[in-house]
Amino acid sequence: MESWKLPSVLYHAFTSPDVADLQPDFGLFFDIDGVIVRGGKVLPHSSDAFRLLIDEKTGKFWVPTVFVTNAGNCLRQSKADQLMSWLPGVTVDPEQVIMSHSPLKMFQLFLDKHILVTGQGPVREIATNLGFTKVITMDEMRHAFPTLDKVDHKRRFTAPSVILFGEPVRWESNLQLLIDVLVTNGRPHEAPAEIPYPHLPVLACNIDLMWMCEAPMPRFGHGCFLHCLESLYKKITGFDLRYNALVGKPSEITYHHSEHVLQMQAAELGLPTIKRMYCIGDNPDVDIYGANLFNRTLEKKMEIRREQEKRKRMKQYSTEQPQPVIGCESCESILVCTGVYNASRDYTLSQQQDSEALLHHNHRDFIMDQNLRKPSVIAHNVHEAVQSVFEKEGLASVLRSREGLS
């Protein structure tokens, strides 16, 4: 992937009268933790970055923008409210917020099935808002089995599917109960004659091994919890835990969903179809890996298009019409140094040159490809990242001329 340099000058925020004349055909994809905030603390330069993207008359974005987080402990409206409290003067619509669990609404097959949900926050409300109609929470399961090994026969329990929204508060209890559900095929009140396999469906959101808050070192993420669950299930049963879906970054489905939301925004703003996406994140194994993986898919799509056009020119198939390319054509990755990534502590790099010694901080179901961890550009912070996009899109001179910064 072609790399591009950071601009050498810092561009100031601009006023809105000329914004309506611009017709951007690109969209922006922002991670939140480690990019805009760390924990509850707004990072320096965040406000400067978003002033570049806002029409000051309306407080709304003139460039299609989404906020994509692997957090799964709240509703989109709550996260939008948080963002607006962190970024005064910026209006964030809940439709611009993509949580780790947002793509689950597309899994129609499971919406009318009984599901057991785990995680933090209002998990029942989250599941209901996604369209699930028969929800059982881990607290309700604990109430049914207060001692974990004694059944209250007045409360029968069944959970044909499991959805893991995020890391729970009580790991040991949740791990025990999840194993109980998996090895009994969703009926933990009955000891099975043999362990069923394949096990019942499991859908997991957010596979971050680590994430960054106020602490100087990264914290355990849901990926650590999944690793514990997978290891225990394998040790106890001899089988591998299998997922029906892994959603959230770096899963491609989250990037496809993000593109769909960006295209909808562009249409509402009367802008051209989004041709390029710029993904700004702090984690090489999550944000950057996912963006580059999505870009590979887009490259394959464009290659098919070019081949169709070539065949048409050669008139090999006189009746064949090239299929129109609908949607995004490329996805660039921008890594900021304000979160998980820090060049002085990239723990995935070994002192040894042997590639086998490279650590893999991504989920076991994703291929280990160091090229997918390499960003198109590294920026010090989110402000520089946005400026870089403007440089790439030829907007730097436009901004300079409108502000007299020639």
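The values are calculated or read from the model by the stated rules, or taken from the named source; none is laboratory data. Keep in mind it's a predicted model, so treat the numbers as computed, not measured. All Cβ positions, even for glycine, are placed from backbone atoms using ideal geometry, and neighbour counts span all protein chains on display. Just the protein is used for accessible areas: all its heavy atoms, side chains included, with ligands, DNA and RNA removed. Shrake-Rupley method; radii C 1.70, N 1.55, O 1.52, S 1.80 Å.
Each residue of region 226-233 in turn: what ³J(HN,Hα) in whole Hz from Karplus with 6.51, -1.76, 1.60 and θ = phi - 60°, glycine and Pro shown as x?
Running phi through 6.51 cos²θ - 1.76 cosθ + 1.60 with θ = phi - 60° gives 4, 4, 5, 4, 4, 5, 5, 4 Hz.
So, R0 is 35 Å and r is the distance between the beta-carbons of Glu303 and Arg364; what FRET efficiency does that work out to, to 0.05? Before the final figure, lay out each step's value.
Working: r = 29 Å, r/R0 = 0.84.
Step by step, r from the Cβ atoms, then E = 0.75.
In whole Hz, with x marking every Gly and Pro, tabulate ³J(HN,Hα) for region 276-290 from phi via Karplus 6.51 cos²θ - 1.76 cosθ + 1.60, θ = phi - 60°.
Rounded to whole hertz, the list is 9, 10, 10, 9, 10, x, 10, 10, x, 7, 10, 4, 6, 3, x.
Quick check: with the 1.4 Å probe, what order do Ser173, Ser330, Ser78 take by accessible area, largest first? Write down the numbers at each step before the final one.
Details: Ser173 5, Ser330 30, Ser78 55 Å².
So the residues, ranked largest to smallest area, are Ser78, Ser330, Ser173.
Dipole size in debye (nearest 20) for region 103-246 around its Cα centre, Lys and Arg Cβ +1, Asp and Glu Cβ -1? Walk me through the numbers on the way to the answer.
Values: 15 positive and 15 negative charges, 63 e Å.
With only Lys, Arg, Asp and Glu charged at Cβ, the dipole is about 300 debye.
Along the charge dipole of region 103-246, Cβ charges K/R +1 and D/E -1, which of Val202, Ala144, Ile163 sits furthest on the positive end?
Sorting the options by dipole projection puts first Ala144.
How much length would be gained if the chain were fully extended between Arg242 and Met264, taking 0.36 nm per residue of separation minus their Cα-Cα distance, in nm to one decimal?
On the way: separation 22, 0.36 × 22 = 7.92 nm, distance 3.37 nm.
The span from Arg242 to Met264 would gain 4.6 nm if fully extended.
Apply the Karplus curve 6.51 cos²θ - 1.76 cosθ + 1.60, θ = phi - 60°, to the phi angles in region 100-105 and return the couplings in whole Hz, x for Gly and Pro.
Values per residue, Gly and Pro as x: 4, 8, 3, x, 4, 4 Hz.
Length gain on complete extension for the stretch Asn342 to His380, per 0.36 nm per residue less the alpha carbon to alpha carbon distance? Provide the component values of the computation, followed by the final result.
Details: separation 38, 0.36 × 38 = 13.68 nm, distance 1.00 nm.
So the extension gain works out to 12.7 nm.
Using only the heavy atoms of the protein chains and a 1.4 Å probe, how would Phe29, Phe107 rank by accessible area, largest first? List each step's numbers first, then the result.
Numbers: Phe29 0, Phe107 45 Å².
Listed by decreasing accessible area, they come as Phe107, Phe29.
Set the Förster distance to 22 Å, then compute FRET efficiency between His256 and Glu56 from the Cβ-Cβ distance, nearest 0.05.
Details: r = 32 Å, r/R0 = 1.48.
Computed FRET efficiency for His256 and Glu56: 0.10.
Could you work out how far apart the two model spin labels at Thr273 and Glu95 are, taking each label as a point 7 Å from the Cα in the direction of the beta carbon, and quote it in nm?
2.0 nm
Per the 1.4 Å probe, what fraction of the accessible area of region 103-246, in percent, lies on carbon and sulfur atoms? Display every interim value, and only then the final one.
On the way: 4000 of 7110 Å².
C and S atoms contribute 56 percent here.
All other residues with a Cβ under 13 Å from the Cβ of Leu111 taken together, and with Lys, Arg as +1 and Asp, Glu as -1, what is their net charge? Each step should come with its number before you reach the end.
On the way: positive: Lys105, Lys113, Lys134; negative: Asp112.
Once all neighbours under 13 Å are counted, the net charge is +2.
Lys312 to Gln23: FRET efficiency via 1/(1 + (r/R0)^6), r the Cβ-Cβ distance, R0 41 Å, to the nearest 0.05? It would help to have the intermediate numbers written out before the result.
On the way: r = 29 Å, r/R0 = 0.71.
Efficiency at R0 = 41 Å is approximately 0.90.
If you put +1 on each Lys and Arg Cβ and -1 on each Asp and Glu Cβ, how big is the dipole of region 245-286 around its Cα centre, in Debye rounded to 20?
Values: 3 positive and 5 negative charges, 29 e Å.
Magnitude of the dipole: close to 140 debye.
Given the Cα-Cα distance of Ala215 and Tyr197 and 0.36 nm per residue of separation, how much length would full extension add, in nm? Each step should come with its number before you reach the end.
Values: separation 18, 0.36 × 18 = 6.48 nm, distance 4.10 nm.
Contour length minus the Cα-Cα distance gives 2.4 nm.
With a 1.4 Å probe and all protein chains kept in place, how much accessible area does His380 have, in Å² rounded to the nearest 10?
The value for His380 is about 120 Å².
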